[in-house]
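Inspection log for the structure reproduced underneath, given as structure tokens.
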Amino acid sequence: MKLTPLLLLPFVLAACSEPPPPPVVPKLVRVMKVGAGDTAIDGAPRGYSGEVRARIETTLGFRIAGKIVERKVDTGMAVKAGQVLARLDPADAGLQAAQAEAQRALAAADVARYRELRAKNFISASALDARETTFKAAEAQAALAKNQASYTSLVAERAGVIGQVLAEPGQVVSAGQAVFRLMPDGEREVAIALPESEVSAFKLGQAAEVSFWADSGPATKPLAGRLREISPVADPVTRTYAARISLKDADPLLPLGMSATVRFPSGAPGATRLTVPLTAIFQQGSQPAVWKVGADNTVTLQAISVAEFTERGALVTGGLAGGEQIVAAGVNLLTAGEKVRVAAPR
């Protein structure tokens with residue numbers, strides 16, 4: 001049986017009257033503005049813990065070898081210039097001085113006889129010259145041995161504080177071996193450690209503010225300082241870089257070893273320090289990124305530099321600026337160029 005075109009007409013009209021597919025609804029996302037609220041730029045500069053150190057630290061040691069028989073100071077003790085810190089056994093140095101003096105006396109007697117013989121023309125001038133030279137050498141050797149005998153006492157050349165004791169009585173030390181570390185009175189600095197993820201952002205001469213944990217004494221108010229030195233080599237254990245902050249108008253008797261906190265009011269030069277929630281981070285391999293929301297609610301992927309991840313969020317040092325809007329949650333469901341709906345703030 002064949003259907004006529006007239007009978008097929010209702011079916012054609014029914015097919016043409018089907019409703020069009022519903023429009024695609026943009027994804028609903030929660031958006032945050034970078035630089036506002038708890039997830040914004042840190043309100044206070046980050047603090048770095050350190051301790052007060054002397055600008056110059058001197059290592060002290062004996063000028064001769066010997067056995068230490070007495071140590072007269074301990075770590076942390078204040079000493080004066082000329083104060084005896086330790087002594088060596090003087091027996092060996094005394095014997096060497098006595099031997100050298102005996103050789104000098106013998107050479108002096110010989111040269112006196114040769115002078116008499118030369119006066120009578122019994123010997124040549126060259127023979128007398130040889131004895132004169134021998135006498136001068138013996139005389140110099142005796143003076144040297146006498147000086148070395150006085151080196152059995154280790155004396156502080158400047159006033160300061162003993163920062164470290166490196167040898168004990170009964171120990172045999174070589175000439176020049178470190179026995180004490182002396183922190184002389186004078187200019188004070190604060191030693192801190194900078195993480196390797198941040199060290200490149202700091203510049204020598206950068207202004208700093210140093211506060212102390214002490215409640216009384218000369219360290220009650222913060223002091224102005226400057227970043228004087230950054231070590232070019234990282235500590236092999238902590239992977240941090242040692243840095244020194246010079247103090248302006250600091251008391252020269254500021255207690256050494258006092259705990260301090262260093263803050264850089266201007267932050268790390270050339271870097272904006274922002275904190276964003278961990279849910280906003282979109283990881284592309286090893287490169288972290290965030291979704292930036294444009295004025296027309298279109299999202300674009302922005303690579304960022306993260307200094308560290310904390311409980312508060314990710315500390316961003318590059319790639320973002322204050323005031324920009326980013327997607328705070330649902331980042332794994334988006335594609336570049338996609339339009340989104342912004343959820344109303346709670």
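Can you say whether Gly186 is surrounded by fewer than 19 Cβ atoms within 10 Å (Cβ to Cβ) and under 30 Å from Asp235 (Cβ atoms), as far as the supplied structure shows? Talk me through it step by step, then tell me what you get.
Values: surrounded by fewer than 19 Cβ atoms within 10 Å (Cβ to Cβ): yes; under 30 Å from Asp235 (Cβ atoms): yes.
In short, yes.
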Condition (residue is surrounded by 15 or more Cβ atoms within 10 Å (Cβ to Cβ), modelled with pLDDT under 85 and over 30 Å from Met77 (Cα atoms)) applied to the range 250-269: is it met by at least one residue? yes
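Would you say Gly257 is in a loop (DSSP other than H, G, I, E, B) and over 20 Å from the mean Cα position of the chain (by Cα)?
On the way: in a loop (DSSP other than H, G, I, E, B): yes; over 20 Å from the mean Cα position of the chain (by Cα): no.
Spelling it out, it is not the case that Gly257 is in a loop (DSSP other than H, G, I, E, B) and over 20 Å from the mean Cα position of the chain (by Cα).
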Ala178: passes all of (1) within 28 Å of Pro255 (Cβ to Cβ); (2) modelled with pLDDT under 90 but (2)
Checked Gln177, Gln164, Gln206 against criteria (on the phi < 0 side of the Ramachandran plot and surrounded by 17 or more Cβ atoms within 10 Å (Cβ to Cβ)); the one match is Gln206
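Give the residues of the range 314-334 that are in a loop (DSSP other than H, G, I, E, B) and at pLDDT below 80, sorted by residue number. Give the derivation first.
Step one: list which residues in the range 314-334 are in a loop (DSSP other than H, G, I, E, B), which gives 319-324, 330, 334.
Matches in the range 314-334: Ala321, Gly322, Gly323, Gly330.
Take residues that are modelled with pLDDT of 85 or more and over 30 Å from Leu194 (Cβ atoms) and tell me which of the strands (runs of 3 or more DSSP E) falling wholly in the range 1-109 contain 2 or more.
Details: elements: 27-33, 47-54, 58-60, 66-71, 84-88.
Those strands (runs of 3 or more DSSP E) span 66-71, 84-88.
Would you point out the residue of the range 58-100, among those that are β-branched (Val, Ile, Thr) and within 18 Å of Pro184 (Cα to Cα), that is surrounded by the most Cβ atoms within 10 Å (Cβ to Cβ)? Spell out the reasoning first.
Applying the first criterion (β-branched (Val, Ile, Thr)) to the range 58-100 yields 58-59, 64, 68-69, 73, 75, 79, 84.
Within this subset, residues satisfying the condition of being within 18 Å of Pro184 (Cα to Cα) are 58-59, 73, 75, 79, 84.
On the way: Thr58: 15, Thr59: 14, Val73: 19, Thr75: 12, Val79: 21, Val84: 13.
Here the residue is Val79.
Can you tell me which residue in the range 57-116 is farthest from Lys146 (Cα to Cα), limited to those that are out of contact with any strand residue (DSSP E or B) (no Cβ under 8 Å at 6 or more places or on another chain) and of a type in the set (D, E, K, R)? Show your work before the answer.
Start the filter on the range 57-116 by keeping residues that are out of contact with any strand residue (DSSP E or B) (no Cβ under 8 Å at 6 or more places or on another chain), which leaves 63, 80-81, 90-91, 94-116.
Now narrow it down to the ones that are of a type in the set (D, E, K, R): 63, 80, 101, 104, 110, 113, 115-116.
Numbers: Arg63: 13, Lys80: 25, Glu101: 9, Arg104: 12, Asp110: 22, Arg113: 26, Arg115: 27, Glu116: 30 Å.
So the residue we want is Glu116.
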Listing of strands (runs of 3 or more DSSP E) fully contained in the range 150-223 that carry 3 or more residues being more than 16 Å from the chain's Cα centre (by Cα): 153-155, 160-165, 180-184, 207-212
Within the range 295-316, does at least one residue satisfy the condition of being within 29 Å of the chain's Cα centre (by Cα) and of a type in the set (Lys, Arg)? yes
Condition first: under 13 Å from Glu168 (Cβ atoms) and of a type in the set (Ser, Thr, Tyr). Now tell me which residues in the range 59-97 satisfy that. Thr75
Filtering the range 109-126 down to residues that are surrounded by 13 or more Cβ atoms within 10 Å (Cβ to Cβ) and among the aliphatic types (A, V, I, L, M) yields Val111, Leu117, Ile123
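The values are calculated or read from the model by the stated rules, or taken from the named source; none is laboratory data. Please read all numbers here as calculations on a predicted model, not as lab measurements. Ideal geometry is used to build each Cβ from the backbone, glycine not excepted, and the neighbour counts take in all protein chains shown.
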